[in-house]
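K.L.:
I'd like to ask some things about the structure below.
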Amino acid sequence: MEVFNLIMCKNIKESSEYFYHFGCKDLKFSHLCFVDYLLVLCKGHKGSLEVIKKSLEEFSHVSGLNPNLGKSTIFFRSIKERDKQDLLEILPFKCEKLPVRYLGVPLLAKRLGVHDCKVLIDKVEERIKLILLKNEVLLIRQFWIIIENKDSLWAQWVNKVILKGKSIWEIGIDKSDSWGWKIMLKIRDSIKEHIWYSIRNSNSISMFYDKWCSNGPLCDFISKRAIYDARIKDNVVITDMVAGDRWKWPDDWLSKFPILSTINPLILQKDKEDVVLWINNNDQKVQFTTNQAWKTMREDWPTV
């Protein structure tokens, strides 16, 4: 902007039609450049705007840069409407009202209040919210690798060293857990309503802890004590509880847990692997992608 500064100063010096803005004459203050903004001050007078227009045109000729009419604004103070239109014919910028705002904050001589800064505060909060949401989606992706039992070193290590044969849905947060693992389990609790296990051969789906039926995971209404008393391992998979076209429920379970009678027998597809699906906010079961998680979690995120 040093080039524009030289052009503007030269044109003001050579013109007898340029008049400084009130309070700026003694300092010969006509414009201010900061970051990628240019603020030009002058009296609301045709000759003054002609000098500014000439300076902008000369700068455009030298640099190849032109004012963006969609982003350029002009402010008037105590000028008749008819005179405003005459001036806008010289510089056809968008007309705005004072005070001038930068990043949504009014540029005032007085002390700014909370209300004055609200727009900027909201923008900062929104930006922070998006950063946190992005981090959450990345964590969801790591969690998904675990529940899909992918052949990654991360998934193998978690399942063998941390879970030790247990379902990730049954373990709680322990004081001795690492900070990262505690965060992972908090993510688990926030997305459990968006996870669906679609049965194929049923070899990898937990009978009691995975959500594979519309009633939710069976552990919601069948306690560990009941499972133990029935001499069933709580890490049993679905295929171990199916005999042909019927369920292998303990004899007294249908009376103890009437909801089991609403679960129809399964038709297994032994040549196909089980699939974990994502439930979006339209209650659609879809293949998981980070984009799907982003859309869902962004809608779920509290509004600032």
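K.L.:
So how far, in whole Å, is the C-alpha centre of the stretch 238-301 from the one of the stretch 1-69?
P.N.:
Their Cα centres are 70 Å away from one another.
K.L.:
Another question, then. How much length, in nm to one decimal, is gained on full extension between Gln269 and Val100, taken as 0.36 nm per residue of separation minus their Cα-Cα distance? Please report the intermediate quantities before stating the final value.
P.N.:
On the way: separation 169, 0.36 × 169 = 60.84 nm, distance 6.78 nm.
So the extension gain works out to 54.1 nm.
K.L.:
Explain nothing, just the number: relative contact order of the chain, from Cα pairs under 8 Å at least 6 residues apart, as a whole percent.
P.N.:
12 percent
K.L.:
Hey, another quick one. Considering all alpha-carbon pairs of the stretch 1-144, what whole percent are spaced by more than 22 angstrom?
P.N.:
54 percent
K.L.:
Oh, and also: If Thr296, Thr289 are ordered by their accessible area, calculated over protein heavy atoms with a 1.4 Å probe, which sequence runs from highest to lowest? Can you show the working numbers first?
P.N.:
On the way: Thr296 5, Thr289 60 Å².
Largest accessible area first, the residues go Thr289, Thr296.
K.L.:
Starting at 0 and stepping by 10 Å, how many percent of the alpha carbon pairs of the stretch 62-133 end up in each bin?
P.N.:
15, 31, 29, 20, 4, 0
K.L.:
Points 7 angstrom from Cα along the Cβ direction at Lys10 and Lys129: gap in nanometres?
P.N.:
5.0 nm
K.L.:
Using θ = phi - 60° and the Karplus form 6.51 cos²θ - 1.76 cosθ + 1.60, what ³J(HN,Hα) does each residue of the stretch 221-227 get, whole Hz, x for Gly and Pro?
P.N.:
My calculation for the stretch 221-227 gives 10, 10, 6, 4, 4, 5, 5 Hz in order.
K.L.:
Which entry in [x] 71, 18, 18; [y] 51, 41, 20; [z] 32, 26, 21 is this structure's computed semi-axes √(5λ) of the Cα gyration tensor in Å?
P.N.:
[x]
K.L.:
By how many nm would the segment from Val236 to Asn149 grow when fully extended, if each residue of separation counts as 0.36 nm and the alpha-carbon distance is taken off?
P.N.:
So the extension gain works out to 29.7 nm.
K.L.:
Enter the angle in degrees (range 0 to 90, nearest 10) between the Cα long axis of helix 118-147 and the first principal axis of the Cα atoms of the chain, meaning the one along which they spread out most.
P.N.:
30 degrees
K.L.:
Students sometimes get this wrong: rank Thr239, Thr290 by accessible area, probe 1.4 Å, all chains present, largest first. Before the final figure, lay out each step's value.
P.N.:
Values: Thr239 45, Thr290 65 Å².
Ranked from most to least accessible, the order is Thr290, Thr239.
K.L.:
Note down the accessible area of Glu2, probe 1.4 Å, to the nearest 10 Å².
P.N.:
The accessible area of Glu2 comes to roughly 120 Å².
K.L.:
Please list the non-local residues whose amide H lies under 5 Å from the amide H of Lys211, H modeled 1.01 Å from N, same-chain partners needing a gap of 5 or more.
P.N.:
Under 5 Å from the amide H of Lys211: Tyr197.
K.L.:
I would also like to ask the following. If you count only protein heavy atoms with a 1.4 Å probe, what accessible area per residue comes out for the stretch 56-97, rounded to a whole Å²?
P.N.:
Numbers: 3240 Å² over 42 residues.
On a per-residue basis, the stretch 56-97 sits at 77 Å².
K.L.:
May I pose another question? Take Arg200 and Lys71, extend 7 Å from each Cα along the Cα→Cβ direction, and tell me the distance between the two endpoints in nm.
P.N.:
It works out to 5.1 nm between the two label points.
K.L.:
Whenever you get a sec, line up Ile79, Ile128, Ile187 from highest to lowest accessible area (probe 1.4 Å, protein heavy atoms). Walk me through the numbers before you get to the answer.
P.N.:
On the way: Ile79 40, Ile128 90, Ile187 15 Å².
Ranking Ile79, Ile128, Ile187 by accessible area, largest first, yields Ile128, Ile79, Ile187.
K.L.:
Exceeding 22 Å between C-alpha atoms, which entries from my cross-link table qualify? They are Lys25/Lys71; Lys118/Lys295; Lys192/Lys224. Before the final figure, lay out the partial values.
P.N.:
Values: Lys25/Lys71 28 Å; Lys118/Lys295 27 Å; Lys192/Lys224 20 Å.
Going by Cα-Cα distance, Lys25/Lys71; Lys118/Lys295 fall outside the 22 Å limit.
The values are calculated or read from the model by the stated rules, or taken from the named source; none is laboratory data. The structure displayed is predicted, hence computed values, not measured ones. So basically every Cβ, Gly included, is an ideal-geometry build from the backbone, and we count neighbours across all protein chains shown. With ligands, DNA and RNA removed, areas are computed over all heavy atoms of the protein, side chains included. Shrake-Rupley method; radii C 1.70, N 1.55, O 1.52, S 1.80 Å.
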